[in-house]
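What follows is a set of notes on a single structure, which appears directly below.
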Amino acid sequence: MESPEIFERGNWGSKIAFIFAASGSAIGLGSIWRFPIMVGLNGGAIFVLCYILSVFFIGFTVMLAELTIGRHTQKNLVGALKAIKPNTPWKGVGFMGIITGICILSYYSVVAGWSAGYLYKTIKGAFRGEVTWQASDAIFKTFAADALAVLIFLFVIIAITTFVISKGVKSGIERWSKILMPVLFILIIILSIRAITLPGSETGLSFYLKPDFSGFNLNVLFFAVGQAFFSLSLGMGTMTVYGSYITKKENLVSSAGWVCFSTTLVALLAGIIIFPTLFHSLQLTPEQFKQDFEVGTGIMFQAFPIIISKMPGGYIFGIMFFSLLLIAALTSTISMLEVPTSYLVDEKQWSRKKAAVLIGAGSFVLGIPSALSNGGVPFLTKLNIMVVMDLIFGNILLALGGVLISVFLAFSWKVKNSLKEISIGSKKFRLRSLWTFNIKYLAPVVVSLILVFIVMKNIL
Ligand code: PFF
């Protein structure tokens, strides 16, 4: 008979299975829904540039740190911090990650629910025929304000997530990610080709890809760093848990590299679909866009029906796109729920099922205000709850978590110990000195300075 420990703590079947699962966590609404919002709000190409630099210098650095801590200890973040530095306050960073994860799960599932709603609309034929910006905008606003519908979809998303997590690692996460991620990728490439061949797409592409350096400021950098953490699932212990399921044979450096690369590629392609489509439909110049266009939480849901309506076979493409978006969102919600669940299973000896159901129910309740803050209930809409939740948990706390994890690895556990763990499975680590510099100085100092600046600017 298997020992209970082996039974509870599965391992990824192979390196490629791990990469698919970790990319499954990373690639999701963060790249396809959140990234375009951030680009739209932060001056276009200049944000894209800052995002790419953040992924390379900070995201990759913290990702490798989390994977290393996870594989070394074979534990969730709280357990890992306790194992490496027992009886110190470091475990608090793990608890912060658990709270952050539950809060992100709550509003992220609302948007995942919108994707399910859009799948349903597409199947019903809502986007057949020419869809204009005005029509698409009205469809989104009416849908997001339909309180009952969004709550039902929110419930369904959290129920599916809870079900998969209660089944455990191998049978759940791995099986889904392996099959569906590559299909999503191909579909996104096809849609981006259609977008850049639309008349007027050049203006959209220039807004998206030609940086206007005069638009640079610390806010842009703050949101770019936040987006790097969010899209790569960093700063709350997700990649630590995923790392804890990697075997000693695997190469952590190349695994981290692949996850960063594939996630960034999907985000960049999502922008290539959305901005040319918007500019084509709205006939705006980049200047007019920056001044007059109000970028809201629905930008992706407003743009996609337009492009779908312009494709031969758009009905089928639409169904495929929203199905895959929904699955990409689910592989991410699954990874968020895994963080608190693995803590309760590993540290508190709860059963997986009990832990998943309890946290899932809590996230649903917590998600209700966000679900109703997009037109559903006027005063929640005025408070902009979903945007505020995303700012606090999706930007500030993930970045803070990333700083603390870096400081922990570099100065408490010590870089030389982590390098020993990294070298198991990756004999040649070419970026060794760059990574050492980044984890000790660049990631903690730069991200802390940005955070302090932003908090002071908004409080004082
Ligand atoms: N990276 C996911 C996405 O971009 O959709 C969101 C996410 C998942 C953030 C897991 C944080 C996390 F721990």
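Quick notes on this one:
- The residues listed here are 371, 399, 356; of these, the one that is open to solvent by less than 50 Å² (accessible area, probe 1.4 Å) and within 30 Å of residue 450 (Cβ to Cβ) is 399.
- Any hit, the range 188-195, residues being hydroxyl-bearing (Ser, Thr, Tyr) and assigned to a helix (DSSP H, G or I): yes
To keep it simple, each residue is scored yes or no on (1) of a type in the set (Asp, Glu); (2) in contact (Cβ under 8 Å) with a residue 60 or more places away in the chain; (3) more than 28 Å from residue 104 (Cβ to Cβ).
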residue	(1), (2), (3)
259	no, yes, no
270	no, yes, no
287	yes, no, yes
297	no, yes, no
309	no, yes, yes
322	no, yes, no
332	no, yes, no
336	no, yes, no
341	no, yes, no
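- Helices (runs of 4 or more DSSP H) contained entirely in the range 289-402, each with at least 3 residues that are aromatic (Phe, Trp, Tyr): 314-348
- Of the criteria (1) over 20 Å from residue 326 (Cβ atoms); (2) modelled with pLDDT under 95; (3) not hydrophobic (A, V, I, L, M, F, W, C), which one residue 141 fails: (2)
- Leading residue by the ranking (nearest to the ligand (Cβ to nearest atom)) among those in the range 227-257 that are under 15 Å from residue 26 (Cβ atoms), outside any loop (DSSP other than H, G, I, E, B) and among the small types (Gly, Ala, Ser): 231
- Screening the range 17-103 for helices (runs of 4 or more DSSP H) wholly inside it with 1 or more residues that are within 24 Å of residue 424 (Cβ to Cβ) and within 12 Å of the ligand (Cβ to nearest atom) returns the ranges 60-73, 77-84.
- Among the conditions (1) without any contact (Cβ under 8 Å) to a residue 60 or more places away in the chain; (2) at negative phi; (3) open to solvent by 10 Å² or more (accessible area, probe 1.4 Å), residue 446 misses just one, which is (1).
- Residue satisfying all of: in the range 412-460; closer than 20 Å to residue 53 by Cα and among the basic types (Lys, Arg); nearest to the chain's Cα centre (by Cα) among these: 440
- Odd one out for residue 249, checked against (1) closer than 30 Å to residue 436 by Cα; (2) surrounded by 18 or more Cβ atoms within 10 Å (Cβ to Cβ): (2)
- Pick from the range 124-142, criterion out of contact with any helix residue (DSSP H, G or I) (no Cβ under 6 Å at 6 or more places or on another chain), under 28 Å from residue 161 (Cβ atoms) and assigned to a helix (DSSP H, G or I), ranking: most open to solvent (accessible area, probe 1.4 Å): 124
Rundown of residues vs (1) within 14 Å of the ligand (Cβ to nearest atom); (2) more than 22 Å from the chain's Cα centre (by Cα), yes/no style:
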{"position": "334", "(1), (2)": "yes, no"}
{"position": "337", "(1), (2)": "yes, no"}
{"position": "341", "(1), (2)": "yes, no"}
{"position": "364", "(1), (2)": "no, no"}
{"position": "399", "(1), (2)": "yes, no"}
{"position": "408", "(1), (2)": "no, yes"}
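The values are calculated or read from the model by the stated rules, or taken from the named source; none is laboratory data. Here the structure is a predicted model, which is why all the values come from computation and not from measurement. Note that we place each Cβ from the backbone using ideal geometry, even for glycine, and neighbour counts take in every protein chain shown. To get the accessible areas, we keep the full protein, side chains included, count just its heavy atoms, and leave off ligands, DNA and RNA. Shrake-Rupley method; radii C 1.70, N 1.55, O 1.52, S 1.80 Å.
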